[in-house]
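The structure appears below as structure tokens.
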Amino acid sequence: MLVLPLALLALSMVSTPRPAPLIHSVTDIGHEFTFYFDGRFARQYLPGGVDERNWGTLARCDLTGANLLVLSSGGTPCPYTPDDIAKVRGFLEVGGGVVVLGDYARFRQETGYRLNELARAFGAEFADVAASGTPVADPGLHARDVVLRAGKTLRLDEPARWKVLLRDGAGHPLLARRPVGKGQLLLAARGLAGQKPDASDPINAEWWTPLLQDLAKGKPADPAQRPRTSWAEHAEERDGITLEYTDYTKPYAEDVFAMYRKIRPLQEKLLGVPPAKGTLARFLLLPTDGGGFSSGDRIGIAVWWGGFPEKQYGMAELIGHEATHSWVLPFAEPMWNEGLATYVGILLGRELGLEADADASLNQWLEGARKLDPKFDALDLLDEKAPHVVQMAKPMWIWEQLRKECPDILARYFRAKRRLADPARIQRYTADDCVAVLSAAIGRDLFPWFRSLGVNVEAQRASIGGVARKER
């Protein structure tokens with residue numbers, strides 16, 4: 001009989017740690033679009049996993065290859081329908097893990113917190129009770145530290161069904177889980193996870209990652225079958241562009257697109273050219289009041305931006321802003337990409353007869369920037385550390401001065417850019433090139449003026465040489 005030394009015997013009894021399960025997650029951004037949940041949550045808390053997004057109606061989402069479903073929403077009017085709830089329940093029944101992050105909020109006064117339509121189906125709700133005190137963790141969470149940003153708490157029916165993993169200082173649940181079928185459901189206060197769109201704040205990652213891995217283990221992921229992105233399910237060809245929307249955003253489609261119809265010819269006249277070839281082909285409605293995006297061929301527009309549809313101006317500015325990003329291509333503007341886009345939106349607001357709102361928006365930007373650069377002659381737009389308000393407002397001030405001299409300077413500039421900034425001849429478009437093109441558009445050398453405003457540009461560095469003929 002072989003007798004092992006005591007130390008070796010003890011070592012032989014220690015089991016080899018199991019590898020972390022492969023996570024195939026689907027993150028729902030169909031109820032509320034945020035840049036953070038468009039991949040950033042998974043990047044922070046699911047390293048080595050695969051994450052796809054559901055942009056469409058949840059009930060239609062293909063969860064075949066997934067073992068974790070991430071749901072989050074704030075105060076939006078997008079409902080969780082009986083079909084949505086059945087989809088979540090079916091995923092749990094076969095072993096999937098579901099994490100639901102929320103904080104009680106209302107979309108305006110007439111709409112309750114729609115995420116509770118889902119939570120209540122499983123015996124809980126996000127409560128209108130603010131978290132207070134220092135969070136207290138259950139030992140099973142293995143949390144040395146807990147970071148909680150401002151937020152609210154949970155209310156649990158039949159507490160015996162739930163395992164509370166975190167409470168606030170007053171004893172209200174913040175994080176709780178329960179089994180459903182073969183799977184696990186986790187409800188969490190939104191303030192326990194990060195929020196920055198650049199994924200630079202992975203708070204509580206030491207316990208979030210293993211917790212999510214544990215939730216997903218009831219439905220092992222197949223490496224050969226990854227989840228698929230589900231897109232907005234409605235697509236209609238209208239006026240040369242594809243309008244994309246979901247069941248949730250369908251009630252707003254006509255009003256939003258009507259605003260685009262008004263803006264499109266005005267914007268083409270203002271900028272002197274049509275959108276760049278191959279761009280502005282798709283118009284996606286986003287379930288949020290938090291802005292939009294442009295990816296070249298597609299612009300995404302927040303359907304409740306600026307109080308729309310009751311208030312019109314914000315939507316006009318937003319559509320103009322995002323569409324401008326298609327007009328500037330194939331080269332993005334090097335020193336005023338965002339500032340110019342918003343300025344164009346402001347001008348379009350004026351064209352639509354919304355002068356008071358447009359002027360208020362412009363003045364708000366200018367007044368904010370003047371606190372840091374009173375004469376607009378000190379801070380360099382090319383300095384990455386320049387304050388955001390200056391990077392936005394100083395271009396608006398510059399273009400306002402140019403338009404006093406030459407009212408159609410925007411059209412002249414974009415016509416000159418299309419002619420001179422040829423991708424077949426130049427590989428990149430710099431701030432020096434930008435001023436060279438602008439000089440050609442107005443018919444005089446603008447480099448000295450830009451340098452007097454603190455902008456470090458030089459004609460000899462430009463790929464586009466000389467002051468070309470004045471645009472007409």
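Within the shell of other residues whose beta carbon sits under 15 angstrom from the beta carbon of Gly194, the net charge comes to -2, with Lys and Arg scored +1 and Asp and Glu -1.
Taking a 1.4 Å probe, which of Asp157, Asp51, Asp422 shows the most accessible area, and what order do the others take after it?
These residues rank, largest area first, as Asp157, Asp422, Asp51.
Here is how the number arises for the chain: DSSP H runs of 4 or more residues each give -39500 (n - 2.57), the sum is divided by the residue count, and the result at 222 nm is -10000 deg cm²/dmol.
Charged side chains reduced to their Cβ positions (Lys and Arg at +1, Asp and Glu at -1) give region 157-207 a dipole of some 260 debye around its Cα centre. Shape class of region 172-236 from the alpha-carbon gyration tensor: oblate, with a/c at 1.5 or above and b/c at least as large as a/b. Here the dipole of region 108-213 is about 200 debye; that uses its Cα centre as origin and unit charges on the Cβ of Lys and Arg (positive) and Asp and Glu (negative).
Per-residue surface analysis assigns His388 an accessible area of about 120 Å², computed on protein heavy atoms at 1.4 Å probe radius. The per residue volume of the convex hull around the alpha-carbon atoms of region 208-347 is 179 Å³.
Sorted from longest to shortest, the spans of the Cα atoms of region 72-161 along the three principal axes equal 39, 38, 21 Å.
With all pairs of different alpha carbon atoms counted, what Kirkwood hydrodynamic radius in Å does the chain show? Spell out each step's value before the answer.
Values: mean 1/r = 0.0397 Å⁻¹.
By the Kirkwood definition, the hydrodynamic radius is 25.2 Å.
Residues in the chain average 45 Å² of solvent-accessible surface per residue, probe 1.4 Å, ligands and nucleic acids excluded. Surface calculation, 1.4 Å probe, protein heavy atoms: Asp38 sits at approximately 40 Å² accessible.
Placing R0 at 35 angstrom, the Cβ-Cβ distance between Glu458 and Trp231 gives a FRET efficiency of 0.15 after rounding to 0.05. Would you tally the net charge around Pro274, using a Cβ to Cβ cut-off of less than 15 Å, leaving Pro274 out, and scoring K and R as +1, D and E as -1? Once positives and negatives cancel, what remains is +4. On region 280-319, 47 percent of the accessible area sits on carbon and sulfur atoms, based on a 1.4 Å probe.
Please list His234, His172 from largest to smallest accessible area, probe radius 1.4 Å, with all protein chains kept in place.
His172, His234
Ranking Glu367, Glu93, Glu52 from most to least accessible surface, computed with a 1.4 Å probe over the protein chains only, gives Glu367, Glu93, Glu52.
To one decimal place, what orientation-averaged projected area in nm² is obtained for the convex hull of the Cα set of region 74-220?
On the way: hull surface 36.8 nm².
About 9.2 nm², averaged over all directions.
Of the beta bridges in the chain, as assigned by DSSP with both residues counted there, near 45 percent are antiparallel.
The values are calculated or read from the model by the stated rules, or taken from the named source; none is laboratory data. These figures come from a predicted structure and were not determined experimentally. Note: ideal-geometry Cβ built from the backbone for every residue, glycine included; neighbour counts use all protein chains shown. Note: areas computed on protein heavy atoms with side chains; ligands, DNA, RNA excluded. Shrake-Rupley method; radii C 1.70, N 1.55, O 1.52, S 1.80 Å.
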